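These notes are about the structure you will find just below.
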Amino acid sequence: MRVLIAEDEHRLATWLVRALAQSGFQVDWVDDGRLVRRSLKQTAYDALILDLGLPGVGGHDVLAELRQADMRLPVLILTARDSLIERVSSLHEGADDFLAKPFEIAELEARLVALVRRARGTDRPRFACGPLLYDSGSKRFTLAHEPLALTPREHGVLRALIQRSGEPLSKQEILERVFSDGEDVQPDAIEVLVHRLRKRLQASPVGIRTLRGLGYVLECGE
Ligand code: CA
């Protein structure tokens with residue numbers, strides 16, 4: 001799970017980055033509201049942890065911009081200003097949850113996981129690409145209504161592709177989404193997995209196309 005933290009208190013942010021990374025999250029950190037949008041464009045995150053009192057562009061404006069752009073990214077607001085008005089207005093602006101400082105890391109993690117699960121479960125419970133379906137609740141693929149048997153790594157790669165259906169994913173992005181930091185996996189391993197997936201899909205109109213210099217894209221057929 002990849003998370004962006006927007007927080008200008010360096011001590012707090014450093015602690016958060018370390019604690020979340022230890023729990024297996026992939027974490028990036030920016031300390032200025034102006035950097036949030038750029039980071040979100042560059043990288044596909046599963047959630048944003050957003051401090052309201054940010055320099056550059058404030059958290060409220062970052063949030064409003066995100067929602068105007070119709071970005072469904074789950075947002076967890078952090079704020080020292082634990083007032084009811086702040087909380088209500090943040091939720092109205094489209095924050096998904098709210099945590100007042102100081103907080104326990106365990107609570108932050110629990111809320112983060114719940115947010116991402118909820119966002120995946122309600123917004124896009126199923127991903128479809130032609131006859132290929134992925135149910136994010138049961139975490140199973142079916143192809144033309146038949147269960148598709150995949151190894152865990154094949155499953156991870158195909159899931160990453162179907163979640164970005166229509167947009168290319170680079171080998172590096174696939175690596176980051178499928179494998180945890182500790183695993184020693186070379187980008188070439190992705191080629192092998194894609195090759196195996198193509199074989200499993202070959203009887204169907206669904207295919208994985210290589211876009212030179214960009215990566216792989218799932219094509220759903222007619
Ligand atoms: Ca702040």
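Report summary: the helix-based calculation at 222 nm, which adds -39500 (n - 2.57) for every DSSP H run with n ≥ 4 and divides by the residues of the chain, gives -13500 deg cm²/dmol. Highest-first packing order for the peptide set 49-55, 112-118 is 49-55, 112-118, based on the mean count of other beta carbon atoms within 10 Å. Each principal axis of the Cα atoms in the range 95-193 has its own extent, and those three values, largest first, are 47, 33, 23 angstrom. Each of Val30, Val206, Val217 was scored by other Cβ atoms within 10 Å of its Cβ. Listed from fewest to most, they are Val217, Val30, Val206.
Each residue in Arg177, Arg11 was given a count of other beta-carbon atoms within 10 angstrom of its own, and listing them fewest first yields Arg11, Arg177. Summing +1 for each Lys or Arg and -1 for each Asp or Glu among the other residues whose beta-carbon sits under 12 angstrom from that of Pro168 gives +1. The H on the amide N of Val57, modeled in the peptide plane, is under 5 Å from the matching H of Gly33, Arg34, each at least 5 residues off or on a different chain.
The HN-Hα couplings worked out from phi for the range 185-195 by the Karplus form 6.51 cos²θ - 1.76 cosθ + 1.60 (θ = phi - 60°) are 10, 8, x, 4, 4, 5, 4, 5, 5, 5, 4 Hz, whole numbers, x standing for Gly and Pro.
Distant-in-sequence amide contacts of Phe98, defined by a placed amide H-H separation under 5 Å and a gap of 5 or more residues or a different chain, comprise Ile77. Summarising the strand pairing of the chain, around 50 percent of its internal DSSP beta bridges are antiparallel.
Looking at the square roots a ≥ b ≥ c of the eigenvalues of the Cα gyration tensor of the range 2-119, which shape do they give, rounded for a/c under 1.5, prolate if a/b is larger than b/c, or oblate? It comes out rounded by the Cα gyration axes.
Read the figures in this text as sums done on the coordinates, not as results from a lab. Owing to the predicted nature of the structure, the values given are computational and were not obtained by experimental measurement. Heads up, the Cβs are rebuilt from the backbone with ideal geometry, glycines too, and the neighbour counts pull from every protein chain shown.
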